[in-house]
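Trainee: The following block contains the structure, expressed as C-alpha cells.
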Amino acid sequence: MLQQYQNILVPVDGSKATDEVLRRGIEVAKRNKTHLDILNVLEVNQFSDTYGGAVSGDVIYKLSEDVQKRLEELKQQTIDAGVTDVDIHVRFGNPKTVIAREFPADHHNELIMIGSTGLSAVERLMVGSVTTYVSRNAICDVLIVKPTDTEE
C-alpha cells in the first residue's frame, strides 16, 4: 500500500542544500496534496561559543529577523510552485532534537524531508550530523534528500 503523507516537515538551514530539499518537498507535497511545514532551527549556543559568550539579544533578534525574511521568501516560492497549504517556523534549540522529536510531535508531521548534509566535513566531525541523528531518532518517517550535483 502506498503511504499517503498529510503533513510534511522540511527543515532548512540556509546551506546550498536548502533549495534542493525544498524543491523535493514541494514535489511530494503536491503529489500528496498535503500540508508543508518549513522549519529553521537557530542554535543560540553555537553563537555564544563562537563569540566568546558575548552574544547580545540584539544579535539574536537580528539573526532571527533575517531567518524569518528568508523563510518568507521560501514560503512564497512554495506557493508559486503550487503548494498553498504551507507554514514557516523558526525555533530555538538543538536542531537534532527539535527536528527529530519536538517539532513533529507539536505539528503532527508524518514525514521529515532533510538534506543529506548542510555542514562541511569538519563541522560534521565536531558536532555530528543532524541528518544522521534525525534518521535514527525521529518519531516519524524520514526521507534523506541527496544533492543532485556531485560536488560533495
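Trainee: For the pair GLN77 and LYS62, how long in nm is the line joining their label points, each one 7 Å along Cα→Cβ?
Mentor: Inter-label distance under the simple model: 2.4 nm.
Trainee: Distance between the C-alpha centers of the stretch 65-80 and the stretch 7-44? Whole Å please.
Mentor: After rounding, the separation between the Cα centres reads 11 Å.
Trainee: Something else: Among 132-141, 15-24, how do they line up from the highest to the lowest mean number of other beta-carbon atoms within 10 Å?
Mentor: Packing order, densest peptide first, comes out as 15-24, 132-141.
Here, each number is a calculation from the coordinates, and none is a lab measurement. Since we're looking at a predicted model, the values are computed, not measured. Glycine gets a Cβ as well: all are built from the backbone with ideal geometry, and neighbour counts include every protein chain shown.
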